[in-house]
Amino acid sequence: MSKRDKLIQKILTGKSNITPAEAQKILESLGYLAEGPSGGSSHLTFRKQGKQSVTIVLTQNPLKPYMVAKLQLTLKNEGY
């Protein structure tokens, strides 16, 4: 099992110790493009045509459970 697959499993099983860097790595591997923070914001928004955007807070380490749930939903919508 690759590191990417292990990380996807970690998210799908609801582990709440997902870091913003891990979330970014997975979203970018799925084809989401990151839009950087503007004006010093700590939020990073990922967009993919035809899909709902996903926003993560870069200063939350680990991510809060509701953000992990949003990642789970995104992965399920991508077929995982």
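The values are calculated or read from the model by the stated rules, or taken from the named source; none is laboratory data. Here the structure is a predicted model, which means the values were calculated and not measured. Note that we place each Cβ from the backbone using ideal geometry, even for glycine, and neighbour counts take in every protein chain shown.
What to note about this one:
- Residues of segment 1-20 that are over 17 Å from L73 (Cβ atoms) and either among the polar types (S, T, N, Q) or surrounded by fewer than 11 Cβ atoms within 10 Å (Cβ to Cβ) (or both): M1, S2, K3, D5, K6, N17, T19.
- When residues in segment 19-53 are screened for being among the β-branched types (V, I, T) and either in a loop (DSSP other than H, G, I, E, B) or within 20 Å of D5 (Cα to Cα) (or both), 2 of them pass.
- Taking the numbered list (1) out of contact with any helix residue (DSSP H, G or I) (no Cβ under 8 Å at 6 or more places or on another chain); (2) closer than 18 Å to N17 by Cα in turn, S41 passes all entries but (2).
- The residues of segment 53-76 that are at pLDDT below 90 and among the polar types (S, T, N, Q), listed by number, are T59, Q60, N61.
- Test: residue in segment 22-40 that is in contact (Cβ under 8 Å) with a residue 24 or more places away in the chain and of a type in the set (K, R): no
- For G50: the one exception among (1) modelled with pLDDT of 90 or more; (2) surrounded by fewer than 16 Cβ atoms within 10 Å (Cβ to Cβ); (3) on the phi < 0 side of the Ramachandran plot: (3)
- Failed condition for I8, given (1) assigned to a loop (DSSP other than H, G, I, E, B); (2) under 13 Å from the mean Cα position of the chain (by Cα); (3) in contact (Cβ under 8 Å) with a residue 60 or more places away in the chain: (1)
- Counted residues, segment 17-31 - those being closer than 15 Å to A69 by Cβ and among the polar types (S, T, N, Q): 1
- Number of the condition not met by P62 [criteria: (1) in a helix (DSSP H, G or I); (2) touching a residue at least 12 places away in the same chain (Cβ under 8 Å)]: (1)
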